[in-house]
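Student: Pasting in a structure now, in structure tokens, and then I'll have a few things to ask.
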Amino acid sequence: MQDKQNSEKQHSVTGINIQFLDIFFIVLTAIVFGFILIISATVNSRFHAVEHAIAKFVICEQSSELIKESSNYLTDRARLFVVTHKEMYAQDYLEEINIAKRQEKALENLEKVCSEKDLALQRLKIAIEQCNSLIKMELYAIRLAYQVINSENIPPQIAEIPIRGIDENTTSKQLQETALNNLYSEGYLIYKTRINENCRLTIAAIENQIKDELNMNADELGTNIQRLRFLFLLLLIVNVILFISFAYLIILPLENFKNSIKNDTKLSVIGSLECKQLAESYNEIYDLKAQNEQSLLKKAEYDALTGILNRRAFDQICQTSADKKQQIALLLIDMDNFKCINDNYGHAGGDIALQELSRILTETFRTDDYVARIGGDEFSVIMPHCGRQSAYIIKQKILSVNEKLLNIKDGIKPVSISVGVAFSKNGYNDELFKKADKALYIVKEKGKRGCEIYEENYATEE
């Protein structure tokens with residue numbers, strides 16, 4: 001029946017379920033991270049597209065410059081040979097078209113990054129065709145120059161070029177003029193201009209294409225970066241909310257629970273649903289334990305003469321204090337000159353003195369304090385939740401007790417007490433009793449009728 005009532009009470013507790021909250025935040029974080037990964041992949045692909053576009057532009061520019069350099073170099077070597085008739089220039093020319101092949105390499109490089117539909121590739125192919133036409137004119141001029149110098153070491157590639165419109169009456173001067181005309185004619189210069197123009201147009205075409213691609217990629221990159229910023233901000237907000245939620249629903253309640261348990265009080269029903277259920281369960285156990293302790297105290301034996309707790313009850317209270325590890329103050333009280341009182345007033349007078357002391361102690365100390373008679377004229381007070389900061393208050397209470405003992409009924413005199421006090425943060429133990437007893441001994445040594453607080457330097461003095 002009790003279990004059923006407890007179950008119904010726990011079901012009546014409402015609050016935020018931390019397990020559900022945890023799953024919610026995990027799913028939300030996973031979704032946000034998923035979007036971040038997707039957008040990051042898109043951003044990465046756009047960056048690669050930009051890198052490819054820039055590389056494409058660089059290759060096109062290099063290819064165009066390479067074709068112009070090669071064409072200018074061939075023109076320079078051909079003209080130098082025709083003018084100076086030094087065969088090394090002709091050899092340089094042939095090495096350029098047969099070994100270096102810069103124009104062919106330029107075309108190969110451009111074909112790697114451009115498709116046949118790209119205007120840049122089309123322009124460059126036209127420029128190369130025009131370069132090939134110039135090469136034919138230059139090779140013919142070189143052939144004529146070899147004819148002028150009548151060299152026997154004509155390279156085979158030059159020798160196989162047929163000479164047109166030349167007979168036995170053609171002079172060397174005429175051959176030289178024809179060769180120079182081939183390299184400096186208006187038609188030749190037009191080809192050179194067109195080659196340069198097509199190289200320029202190649203760069204312009206790829207530049208426009210790259211510019212369009214960069215603009216498109218830049219726009220999308222900007223959009224995706226804004227999305228990433230939003231997602232990171234959302235992630236930050238989620239983490240802040242998560243931290244605040246866990247702090248409010250778990251950390252703060254647990255800190256409150258720790259302090260309540262330390263102070264031996266009931267738990268506040270706060271925090272998440274799980275914390276509230278835990279607090280309810282603990283409070284039920286706390287109430288049951290309190291009832292058991294109260295029942296135990298009620299069953300404890302009281303001293304027949306004085307009506308206060310006896311030694312057995314004192315021992316039980318000490319054990320409970322040790323189990324709870326409470327902060328306590330232990331007072332060991334000894335009635336001064338009790339033998340003289342018995343000798344002067346008889347045992348009846350001694351009993352009256354003990355009864356009056358018990359009454360005054362009970363009235364002087366708090367209702368939460370435990371006043372016990374632990375021997376013939378020996379008393380003790382256990383003060384729960386009492387630390388060294390209460391030393392002055394305790395001394396004042398003992399002073400008050402001694403003042404009241406001056407005027408007890410039936411005129412019994414002299415009646416006074418000596419008190420030794422010790423403090424513990426972890427409940428009762430034998431060491432605590434020894435400390436209080438040591439302090440009591442010091443009071444006796446000083447002449448009785450007083451109160452002494454145990455200090456740690458007493459141990460070194462011994």
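The values are calculated or read from the model by the stated rules, or taken from the named source; none is laboratory data. No experiment lies behind these values; they were computed from the predicted model shown. Positions of Cβ are backbone-derived with ideal geometry, glycine not excepted, and every protein chain shown enters the neighbour counts. Keep in mind that these areas ignore ligands, DNA and RNA; they rest on the heavy atoms of the full protein, side chains included. Shrake-Rupley method; radii C 1.70, N 1.55, O 1.52, S 1.80 Å.
Student: How much of L399 can a 1.4 Å solvent probe reach, expressed as accessible area in Å² and rounded to 10?
Tutor: The value for L399 is about 90 Å².
Student: While we're on this one: Distance between the C-alpha centers of segment 127-172 and segment 403-433? Whole Å please.
Tutor: Segment 127-172 and segment 403-433 have Cα centres spaced 136 Å from each other.
Student: Leaving out same-chain residues fewer than 8 places away, which lysines sit with a Cα under 28 Å from that of K192?
Tutor: K56, K68, K86, K101, K105, K112, K117, K125, K136, K173
Student: Now for a separate question. Could you pull the accessible area for K444 with a 1.4 Å probe, rounded to 10 Å²?
Tutor: 60
Student: Heavy-atom accessible area of L233 with all protein chains present, probe 1.4 Å, nearest 10 Å²?
Tutor: Surface open to solvent at L233 totals about 90 Å².
Student: For Cα extents along the principal axes in Å, one of (i) 175, 61, 30; (ii) 79, 55, 46; (iii) 58, 54, 45 was computed from the structure I shared and the rest are decoys. Which label?
Tutor: It is the value labelled (i).
Student: Whenever you get a sec, compute what percent of the accessible area on the chain sits on carbon and sulfur atoms (1.4 Å probe).
Tutor: Summing carbon and sulfur atoms, their accessible area is 55 percent of the total for the chain.
Student: Continuing with this model, one more query. Within the chain, which whole H helices from DSSP have a Cα span along their axis of at least 27 Å and a mean Kyte-Doolittle hydropathy of 0.5 or more, if any? Show your work: numbers first, answer last.
Tutor: Working: long enough: 18-84 (96 Å, 0.91); 119-149 (45 Å, 0.64); 186-246 (87 Å, 0.39); 273-299 (39 Å, -0.93); 338-364 (28 Å, -0.26).
In the chain, the long hydrophobic H runs are 18-84, 119-149.
Student: For segment 349-462, just say rounded, prolate or oblate: build the C-alpha gyration tensor, square-root its eigenvalues into a ≥ b ≥ c, call rounded for a/c under 1.5, and beyond that prolate if a/b exceeds b/c, oblate if not.
Tutor: prolate
Student: Pull up the DSSP beta bridges for segment 343-462 and report the antiparallel fraction as a percent, rounded to 5.
Tutor: Values: 4 of 8 bridges.
Within segment 343-462, antiparallel bridges account for around 50 percent of the total.
Student: Using DSSP, restrict attention to beta bridges with both residues in the chain and report what percent are antiparallel, rounded to the nearest 5.
Tutor: Bridges in the chain that DSSP calls antiparallel: roughly 80 percent.
Student: Sticking with this structure for a sec: Just by accessible area at a 1.4 angstrom probe, what is the order of H48, H85 from largest to smallest?
Tutor: Details: H48 100, H85 55 Å².
Correct descending sequence by accessible area is H48, H85.
Student: In segment 59-200, with Lys and Arg counted as +1 and Asp and Glu as -1 at Cβ, which of these residues, A179, N72, Q62, has the Cα nearest the positive end of the dipole, that is, farthest along it?
Tutor: Final value for the positive-end residue is Q62.
Student: Could you provide, to the nearest whole Å², the per residue accessible area of segment 1-139 with probe 1.4 Å?
Tutor: That works out to 59 Å² per residue.
Student: Within straight cross-link reach of K404, meaning Cα distance under 29 Å, which lysines are found once same-chain residues fewer than 8 apart are removed?
Tutor: K339, K395, K413, K434, K435, K438, K444, K446, K448
Student: Accessible area per residue of segment 341-400 at 1.4 Å probe, in Å²? Before the final figure, lay out each step's value.
Tutor: Numbers: 2840 Å² over 60 residues.
That works out to 47 Å² per residue.
Student: Let me ask another. So for segment 1-137, averaging the separation of alpha carbon pairs under 8 Å that are six or more residues apart and normalising by length, what relative contact order in percent results?
Tutor: Working: 54 pairs, mean separation 29.8, N = 137.
Result for segment 1-137 is 22 percent.
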